[in-house]
Amino acid sequence: MYGGLTLQDTPMRKIIALALLAAAFPVLAHAKTIKFPSEKPIASITIPNSWEPEETESGVQGTSPDSAVYLSADVASTKSIEKVSGDAVDFLTKNGVTIDPKTQKETPITEVNGNADDDARMGRQG
């Protein structure tokens, strides 16, 4: 207490809280940006380092430290979208996730990002 004021009565409390937050921010902000596919990147994603992000055959993946969240992002072309989607459904089913058929929506894919033949653009074959 100084001159009848306590730390609670002054803006100093907010300044100290902001200073502590600013000091902690670099620790909280450690993340890895992965561009994928690595040979010809067309996308990137930033995942916290603590999730141990890594590139997979068709995208990227990471798991939260408490294993409560698994994140996976895959690259798909007009020719591979069915397989990639099927693999995702298989993964979810094998891990005990029940997909409500009422929530499923299928939209015919004729192009991705304005390109009718993404495989040729990405240098892939079928």
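The values are calculated or read from the model by the stated rules, or taken from the named source; none is laboratory data. Owing to the predicted nature of the structure, the values given are computational and were not obtained by experimental measurement. When we count neighbours, we look across all protein chains shown, and the Cβ atoms used for this are built from the backbone with ideal geometry, even at glycine.
Below, the figures for the structure above:
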read-out	value
Residue in the range 22-29 that is within 30 Å of Ile81 (Cα to Cα) and at pLDDT below 85 present	no
Top-ranked residue of the range 63-84 - restricted to ones that are acidic (Asp, Glu) and closer than 20 Å to Glu106 by Cβ, ranked as surrounded by the most Cβ atoms within 10 Å (Cβ to Cβ)	Asp74
Among residues of the range 76-102, those that are outside any helix (DSSP H, G or I), touching an Asp or Glu at 6+ places or on another chain (Cβ under 9 Å) and either under 24 Å from Lys32 (Cα atoms) or not hydroxyl-bearing (Ser, Thr, Tyr) (or both), counted	2
Positions within the range 74-99 being modelled with pLDDT of 90 or more and of a type in the set (Gly, Ala, Ser), in sequence order	Gly96
Test result for Val60, surrounded by 10 or more Cβ atoms within 10 Å (Cβ to Cβ), under 10 Å from the mean Cα position of the chain (by Cα) and within 22 Å of Ser85 (Cβ to Cβ)	yes
Unique match (being modelled with pLDDT of 80 or more, of a type in the set (Lys, Arg) and more than 13 Å from the chain's Cα centre (by Cα)) among Lys32, Lys14, Lys102	Lys102
